[in-house]
Amino acid sequence: MTDLRIGDPAPSISDLHWVRGGPLDTFQPGKVYIFVFLTTTCGSCVEIVPYLVQLQENYREKGLEVIGVVYKSSASAAEGRVYVNAWLNQNCPNVNFRVAVDFTGEILRLWMDPTDFGAPASFILDRGGKVASIDPMDLDDVVLKVLGGS
């Protein structure tokens, strides 16, 4: 059970299986990240994706990178990637950010207690790779503050 708090270093992402965008093994210093857990059975997850696409578009030049992680239990990484890719094509075809699948739930467990998991669940990481906010109500406001260094 993870008790991730604001100010903690971001957990590992090295075991993610990438569906969209190039692979990323670690968070890059100097960038601000929105790291959001999604599921394929969550209507709110489909609804938040266009908002995340807009945030990525608006603030990419200022160092923002959005990463979506879809938790989808499957027999293999390849099966999970195929399923998530089909879900994206059907529901979120204009995704402009990296998307990965966590088919075992291991990455999810590094970030939060799976028994408390409600999708979408987002984490904002500062330019030093530390958690700056957990599930903020106003992503725009928090992202602007973190991009500005506060």
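The values are calculated or read from the model by the stated rules, or taken from the named source; none is laboratory data. As the structure is a computational prediction, the values presented were derived from the model and not from experiment. Note that each Cβ is placed from the backbone with ideal geometry, even for glycine, and that neighbours are counted across all protein chains shown. Just the protein is used for accessible areas: all its heavy atoms, side chains included, with ligands, DNA and RNA removed. Shrake-Rupley method; radii C 1.70, N 1.55, O 1.52, S 1.80 Å.
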Give 120, 136 a once-over and let me know the one that is over 13 Å from the mean Cα position of the chain (by Cα) and of a type outside the set (Ser, Thr, Tyr).
-> 136
Of the residues that make up the range 70-82, is at least one open to solvent by less than 30 Å² (accessible area, probe 1.4 Å) and in contact with a Pro (Cβ under 8 Å, 6 or more places away or on another chain)?
-> no
Pair list, Cβ < 6 Å and 6+ apart or interchain, from the range 98-122 residues that are free of Cβ contacts under 8 Å to residues at least 12 places away in the same chain to residues that are open to solvent by less than 10 Å² (accessible area, probe 1.4 Å) and not in a loop (DSSP other than H, G, I, E, B) | 114/108
Condition set at pLDDT below 90 and buried (at least 17 other Cβ atoms within 10 Å of the Cβ), scope the range 122-150, selection nearest to residue 22 (Cα to Cα): answer is 139
